[in-house]
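A.B. asks: The structure that follows is given in the form of structure tokens.
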Amino acid sequence: MRHEHLISAKQLSREDIETVLDRAAEIAADPEAVAEACDGSLLALCFFEPSTRTKMSFETAITRLGGDATDMGGVESSSVKKGESLADTVRVIEGYADAIVLRHPSEGAAKLASQFVDVPVINAGDGAGQHPTQTLLDLYTIRENAGFDDLSVGIMGDLKYGRTVHSLAHALTNVDANQHFISPESLRLPRSVRYDLHEAGANVHEYTEIDDVLGALDVLYVTRIQRERFPDENEYRQVAGEYRIDAELLESADDELTVMHPLPRVDEIAADVDETNHATYFEQAHNGVPVRMALLEAML
Ligand code: NCD
């Protein structure tokens with residue numbers, strides 16, 4: 001992985017996944033041991049879309065490795081506002097930093113950026129495309145809570161526009177998980193993702209009702225309806241609030257069910273789930289730090 005770009009979860013073999021996850025577990029157990037691993041390295045944070053977890057956990061990760069981060073700031077306060085192209089922005093930033101973490105509203109933006117620079121580009125979300133580092137922390141959380149053996153994962157909500165879903169589905173295929181997709185008809189997986197999963201021999205099932213599969217799941221991965229990606233607000237309103245879980249619904253789930261969410265949640269997980277043993281989404285968000293530390297250590 002050293003000095004390579006990370007654009008899509010499709011790049012991650014099972015061996016890559018296990019290597020990063022094993023290292024992340026070591027780092028979580030003894031973070032002091034890597035306190036100088038990236039001494040002198042500078043990570044550029046270029047976020048053209050809102051972010052809390054991804055940006056702050058990358059910043060925390062590089063700092064805990066002894067490196068530093070430099071933040072482009074919001075689009076409004078950068079030269080993007082003056083009409084600068086993405087290609088020019090990243091070509092300038094590569095002169096300052098050892099790697100670029102990029103989030104952008106356009107699908108394909110990270111791939112495009114990577115063609116203009118020599119420093120590694122890490123895709124932190126490209127429109128409805130991919131979000132591979134979220135996938136690594138999702139897998140870490142799944143492995144810690146449910147293990148990879150004979151694993152059944154339900155992925156519910158916005159499967160069409162959810163980039164965390166697209167990345168996770170590729171990676172789950174590589175760890176041979178059974179994948180159950182639950183969504184309204186209008187938000188099913190995009191054809192391109194479905195095709196790739198089929199080609200990779202994924203074990204995929206689709207549902208419109210969570211009740212039809214809940215009892216069979218080890219993990220339920222809930223997602224937000226990606227309002228900002230709907231071309232038409234009316235289409236969003238038709239599906240908003242439809243796919244929601246609460247503590248009562250989870251009574252028919254396995255006691256060991258792990259409920260995850262990449263966050264932020266809007267209303268798709270009721271607050272009463274937070275008090276149950278199923279709730280794992282805050283732990284999941286915290287896992288972003290050791291996982292991104294392991295990744296940065298490998299890439300830099
Ligand atoms: C996700 C994203 O940006 O795709 N957030 C995150 O990185 N944890 C999920 C979302 O915004 O719904």
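A.B. asks: Using only alpha carbon pairs under 8 Å that are at least six residues apart, calculate the relative contact order of the chain and give it in whole percent.
C.D. replies: Working: 574 pairs, mean separation 65.1, N = 300.
Once divided by the residue count of the chain, the mean separation gives 22 percent.
A.B. asks: Calculate the translational D of the chain in whole µm² s⁻¹ from Stokes-Einstein, where the hydrodynamic radius comes from the Kirkwood formula applied to all Cα pairs, the temperature is 4 °C and the viscosity 1.567 mPa s. Don't jump to the answer; show the numbers that get you there.
C.D. replies: Working: Rh = 19.6 Å.
Approximately 66 µm²/s, per Stokes-Einstein.
A.B. asks: What's the long-distance tail for the range 54-166, i.e. % of Cα pairs beyond 19 Å?
C.D. replies: On the way: 3462 of 6328 pairs.
Considering the range 54-166, 55 percent of its Cα-Cα pairs are separated by more than 19 Å.
A.B. asks: If you stretched the chain out fully between Lys82 and Glu275, how much longer would it get, using 0.36 nm times the residue separation minus the C-alpha to C-alpha distance?
C.D. replies: Working: separation 193, 0.36 × 193 = 69.48 nm, distance 4.73 nm.
Here the answer is 64.7 nm.
A.B. asks: For the charge dipole of the chain, defined by +1 on Lys and Arg C-beta atoms and -1 on Asp and Glu C-beta atoms about the Cα centroid, which residue among Leu168, Ala285, Tyr195 has the Cα displaced farthest towards the positive pole?
C.D. replies: Sorting the options by dipole projection puts first Tyr195.
A.B. asks: Here is a further query. Return the distance in nm (one decimal) between the two label points of a simple spin-label model at Arg229 and Arg91, each offset 7 Å from Cα along Cα→Cβ.
C.D. replies: 3.0 nm
A.B. asks: Would you mind computing, in nm to one decimal, how far apart the modelled labels at Glu32 and Thr70 are, each placed 7 Å from Cα along Cα→Cβ?
C.D. replies: Going by the 7 Å Cα→Cβ label model, 3.3 nm.
A.B. asks: Tell me the angle of helix 14-29 to the major Cα principal axis of the chain, expressed in degrees between 0 and 90 and rounded to the nearest ten.
C.D. replies: Rounded to the nearest ten degrees, it is 80.
A.B. asks: Please work out the FRET efficiency for the pair Glu248 and Met56, using the Cβ-Cβ distance as r and a Förster radius of 22 Å; give the result to the nearest 0.05.
C.D. replies: Values: r = 33 Å, r/R0 = 1.52.
Calculated transfer efficiency: 0.10.
A.B. asks: Net charge within 14 Å of Glu209 by Cβ-Cβ distance, Lys/Arg positive one each and Asp/Glu negative one each, not counting Glu209 itself? Could you put the intermediate results ahead of the total?
C.D. replies: Working: positive: Arg188, Arg244; negative: Glu185, Glu206, Asp211, Asp212, Glu242.
Charge balance in the 14 Å sphere: -3.
A.B. asks: Now, a different point. Compute the acute angle (0 to 90°) between the alpha-carbon long axis of helix 163-174 and the principal axis of greatest extent of the alpha-carbon atoms of the chain; round to the nearest 10°.
C.D. replies: On a 0 to 90 degree scale, this one is about 80.
A.B. asks: Under a plain spin-label model, where a point goes 7 Å from the Cα along Cα-to-Cβ, how far apart in nm are Ser192 and Glu283?
C.D. replies: 3.5 nm
A.B. asks: With every protein chain left in place, what is the accessible area of Phe282 in Å² (1.4 Å probe, nearest 10)?
C.D. replies: Accessible area, nearest 10 Å²: 110 Å².
A.B. asks: Sum -39500 (n - 2.57) across every DSSP H segment of at least 4 residues in the chain, then divide by the residue count to get the 222 nm mean residue ellipticity, nearest 500.
C.D. replies: Values: 10 runs with 102 residues, N = 300.
About -10000 deg cm²/dmol.
A.B. asks: Would you mind checking the tilt of helix 53-64 against the longest principal axis of the Cα atoms of the chain, expressed as 0 to 90 degrees and rounded to 10?
C.D. replies: The angle comes out at about 50 degrees.
A.B. asks: Could you report the range 132-286's accessible area per residue, 1.4 Å probe, as an integer in Å²?
C.D. replies: Each residue of the range 132-286 exposes 44 Å² on average to a 1.4 Å probe.
A.B. asks: Set the bar at 28 Å for Cα to Cα. Now go through Lys82/Lys160; Lys55/Lys82; Lys10/Lys82 and name every pair that lies beyond it. Let's see the in-between values first.
C.D. replies: Working: Lys82/Lys160 32 Å; Lys55/Lys82 23 Å; Lys10/Lys82 35 Å.
Over 28 Å Cα-Cα: Lys82/Lys160; Lys10/Lys82.
A.B. asks: Between Arg237 and Glu18, what length comes free when the chain is fully extended (0.36 nm per residue of separation minus the Cα-Cα distance, one decimal in nm)? Please report the intermediate quantities before stating the final value.
C.D. replies: Numbers: separation 219, 0.36 × 219 = 78.84 nm, distance 4.00 nm.
Full extension of this stretch gives 74.8 nm more.
A.B. asks: For the range 76-134, calculate the relative contact order in percent as a whole number, restricting contacts to Cα pairs under 8 Å that are 6 or more residues apart. If you can, show how the numbers build up before the last one.
C.D. replies: Working: 81 pairs, mean separation 17.7, N = 59.
Once divided by the residue count of the range 76-134, the mean separation gives 30 percent.
A.B. asks: Got a sec? Charge dipole of the chain, +1 on Cβ for Lys and Arg, -1 for Asp and Glu; which of Leu86, Leu139, Leu220 is way out at the positive end?
C.D. replies: Projecting each Cα onto the dipole axis, the largest value belongs to Leu86.
A.B. asks: Placing +1 at every Lys and Arg Cβ and -1 at every Asp and Glu Cβ, with all other atoms neutral, what dipole size does the range 167-300 have around its Cα centre, in debye to the nearest 20? Intermediate values should be presented prior to the final figure.
C.D. replies: On the way: 10 positive and 27 negative charges, 161 e Å.
In debye, rounded to 20, the range 167-300 gives about 780.
A.B. asks: Given 10 °C and 1.306 mPa s, compute D for the range 132-286 with the Stokes-Einstein relation, Rh being the Kirkwood radius over Cα pairs; round to the nearest whole µm²/s. All intermediate terms of the calculation are to be shown ahead of the outcome.
C.D. replies: Working: Rh = 15.5 Å.
My calculation gives 103 µm²/s for D.
The values are calculated or read from the model by the stated rules, or taken from the named source; none is laboratory data. Keep in mind that what you see is a predicted model, and the values were worked out from it rather than measured. Backbone-built Cβ (ideal geometry, glycine too); neighbour counts: all protein chains shown. Just so you know, the surface numbers come from the protein's heavy atoms only, side chains and all, with ligands and any DNA or RNA stripped out. Shrake-Rupley method; radii C 1.70, N 1.55, O 1.52, S 1.80 Å.
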